[in-house]
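To start, the structure under review is shown below, and the notes come after it.
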Amino acid sequence: MSDQNKIPDFDPRGPQLVYVAVADHVAARIAAGELRPGARLPAERDLAVEYGVAYLTIRRAAQVLRERGLIVTVHGKGTFVADPIPE
(Lines give C-alpha, C1' and ligand atoms only; values in the text may rest on other atoms or scores of the structure.)
Protein backbone atom coordinates (compact mmCIF):
# COMPACT_ATOMS: atom_id res chain seq x y z
CA MET A 1 0.00 0.00 0.00
CA SER A 2 1.39 3.41 -0.89
CA ASP A 3 1.84 6.02 1.81
CA GLN A 4 -0.19 8.67 0.00
CA ASN A 5 -3.71 8.65 1.47
CA LYS A 6 -3.73 4.85 1.80
CA ILE A 7 -4.23 4.21 -1.90
CA PRO A 8 -3.53 0.52 -2.58
CA ASP A 9 -0.70 -0.22 -4.98
CA PHE A 10 -1.78 -1.13 -8.50
CA ASP A 11 -1.16 -4.80 -9.26
CA PRO A 12 -2.19 -5.94 -12.75
CA ARG A 13 -1.27 -9.53 -11.83
CA GLY A 14 -3.97 -9.73 -9.15
CA PRO A 15 -6.93 -12.10 -9.28
CA GLN A 16 -9.30 -9.66 -11.03
CA LEU A 17 -9.47 -8.52 -14.64
CA VAL A 18 -6.91 -5.83 -15.43
CA TYR A 19 -9.47 -3.23 -16.50
CA VAL A 20 -11.37 -3.75 -13.22
CA ALA A 21 -8.10 -3.38 -11.29
CA VAL A 22 -7.40 -0.09 -13.09
CA ALA A 23 -10.95 1.14 -12.42
CA ASP A 24 -10.67 0.20 -8.75
CA HIS A 25 -7.32 1.98 -8.45
CA VAL A 26 -8.64 5.17 -10.05
CA ALA A 27 -11.73 4.93 -7.81
CA ALA A 28 -9.42 4.67 -4.78
CA ARG A 29 -7.51 7.76 -5.97
CA ILE A 30 -10.82 9.64 -6.22
CA ALA A 31 -11.96 8.44 -2.78
CA ALA A 32 -8.63 9.47 -1.24
CA GLY A 33 -8.93 12.96 -2.69
CA GLU A 34 -5.96 12.66 -5.03
CA LEU A 35 -8.37 13.23 -7.91
CA ARG A 36 -10.86 15.90 -6.88
CA PRO A 37 -14.38 16.51 -8.23
CA GLY A 38 -14.20 18.42 -11.50
CA ALA A 39 -10.55 17.49 -12.08
CA ARG A 40 -9.64 16.50 -15.62
CA LEU A 41 -8.17 13.02 -15.96
CA PRO A 42 -5.08 12.53 -18.11
CA ALA A 43 -5.67 11.36 -21.67
CA GLU A 44 -6.42 7.66 -22.05
CA ARG A 45 -3.12 7.04 -23.82
CA ASP A 46 -1.22 8.78 -21.00
CA LEU A 47 -3.06 6.68 -18.40
CA ALA A 48 -2.16 3.55 -20.39
CA VAL A 49 1.52 4.49 -20.12
CA GLU A 50 1.17 5.37 -16.43
CA TYR A 51 -0.45 2.02 -15.60
CA GLY A 52 1.59 -0.03 -18.07
CA VAL A 53 -1.48 -1.44 -19.79
CA ALA A 54 -3.02 -1.30 -23.24
CA TYR A 55 -4.99 1.75 -24.37
CA LEU A 56 -8.14 -0.35 -24.77
CA THR A 57 -7.79 -1.55 -21.17
CA ILE A 58 -8.00 2.10 -20.03
CA ARG A 59 -11.03 2.66 -22.27
CA ARG A 60 -12.78 -0.31 -20.66
CA ALA A 61 -11.81 0.88 -17.16
CA ALA A 62 -13.23 4.33 -18.00
CA GLN A 63 -16.49 2.68 -19.06
CA VAL A 64 -16.68 0.95 -15.66
CA LEU A 65 -15.98 4.24 -13.86
CA ARG A 66 -18.70 5.99 -15.90
CA GLU A 67 -21.15 3.22 -14.99
CA ARG A 68 -20.24 3.73 -11.31
CA GLY A 69 -20.92 7.46 -11.73
CA LEU A 70 -17.36 8.43 -10.75
CA ILE A 71 -16.36 10.11 -14.01
CA VAL A 72 -18.04 11.92 -16.87
CA THR A 73 -16.74 12.27 -20.41
CA VAL A 74 -17.52 15.40 -22.41
CA HIS A 75 -16.95 14.88 -26.13
CA GLY A 76 -14.19 17.15 -27.36
CA LYS A 77 -13.22 18.30 -23.86
CA GLY A 78 -12.05 15.23 -21.94
CA THR A 79 -12.90 13.08 -18.97
CA PHE A 80 -13.52 14.58 -15.55
CA VAL A 81 -14.12 13.36 -12.01
CA ALA A 82 -17.87 13.57 -11.37
CA ASP A 83 -19.08 16.48 -9.28
CA PRO A 84 -20.59 15.54 -6.89
CA ILE A 85 -19.03 12.13 -6.35
CA PRO A 86 -21.67 9.45 -5.60
CA GLU A 87 -21.63 7.89 -2.12
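Observations
- Point-to-point label distance, residue 31-residue 68, nm (Cα→Cβ direction, 7 Å offset): 0.8
- Based on protein heavy atoms only, the stretch 26-84 ends up with 60 Å² per residue of surface accessible to a 1.4 Å probe.
- Neighbour net charge for residue 26 - beta-carbon separation under 11 angstrom, K R +1, D E -1: -1
- Placing +1 on the Cβ of every Lys and Arg and -1 on the Cβ of every Asp and Glu, with nothing else charged, gives the stretch 38-86 a dipole about its Cα centre of roughly 120 debye.
- Listed residues 78, 12, 27: farthest to the positive end of the dipole of the chain (Cβ charges): 78
- Gyration tensor verdict on the chain (Cα atoms; rounded if a/c is under 1.5, prolate if a/b is larger than b/c, oblate otherwise): oblate
- Of all accessible heavy-atom area on the chain, the percent that carbon and sulfur account for (1.4 Å): 52
- Between amide H atoms placed 1.01 Å from N, distances below 5 Å from residue 71 occur with 66, 82, all of them 5 or more places distant or on a separate chain.
The values are calculated or read from the model by the stated rules, or taken from the named source; none is laboratory data. From a predicted model like this one, the values you see are computed outputs, not experimental measurements. Counting neighbours? That spans all protein chains shown, and the Cβs are built from the backbone with ideal geometry, glycine included. Just so you know, the surface numbers come from the protein's heavy atoms only, side chains and all, with ligands and any DNA or RNA stripped out. Shrake-Rupley method; radii C 1.70, N 1.55, O 1.52, S 1.80 Å.
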